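Below you'll find the structure, written out as structure tokens, and then a few comments.
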Amino acid sequence: MSDAWLEDPKTHWAMRFHQQSKTLDGDVQVVVENGRPMPHSQPALIKSRIHMAYEDAVSLYKELQQIGWMHCPAFW
């Protein structure tokens, strides 16, 4: 997972999963950003940014898909 996107079709909030480099102990970290695109080419509104372990990010990604979040193009 280097860069993956999901969107909630009901609210149009999106999540970006971006893989970071490995930590000193060899673990892969993923930055998960929650936000939504803004109108008129304004910068996206980023509500939160969380760093988590790769395995936790994959789990969250799958969980969001199960509750209806859909793949989407990059918003920011």
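Structure summary
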| quantity | calculated |
| --- | --- |
| Failed item in (1) part of a loop (DSSP other than H, G, I, E, B); (2) under 12 Å from the mean Cα position of the chain (by Cα); (3) over 10 Å from Met15 (Cα atoms), with Phe75 passing the rest | (3) |
| Hits in segment 28-43 - residues which are exposed (fewer than 11 other Cβ atoms within 10 Å of the Cβ) and not small (Gly, Ala, Ser) | Pro39, His40, Gln42, Pro43 |
| Residue match in segment 51-68 (condition: of a type in the set (D, E, K, R) and in contact (Cβ under 8 Å) with a residue 60 or more places away in the chain) | no |
| Residue match in segment 40-56 (condition: in contact with a strand residue (DSSP E or B) (Cβ under 6 Å, 6 or more places away or on another chain), at pLDDT 95 or above and of a type in the set (Lys, Arg)) | yes |
| Given (1) in a helix (DSSP H, G or I); (2) surrounded by 11 or more Cβ atoms within 10 Å (Cβ to Cβ); (3) basic (Lys, Arg), number of the condition Lys62 does not satisfy | (2) |
| Residue ID - most open to solvent (accessible area, probe 1.4 Å), chosen from residues in segment 4-27 that are in contact (Cβ under 8 Å) with a residue 60 or more places away in the chain and assigned to a loop (DSSP other than H, G, I, E, B) | Pro9 |
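The values are calculated or read from the model by the stated rules, or taken from the named source; none is laboratory data. What you see is a predicted model, and the numbers here were worked out from it, not measured in a lab. Backbone-built Cβ (ideal geometry, glycine too); neighbour counts: all protein chains shown. The area values use the complete protein model at the heavy-atom level, side chains included, leaving out ligands, DNA and RNA. Shrake-Rupley method; radii C 1.70, N 1.55, O 1.52, S 1.80 Å.
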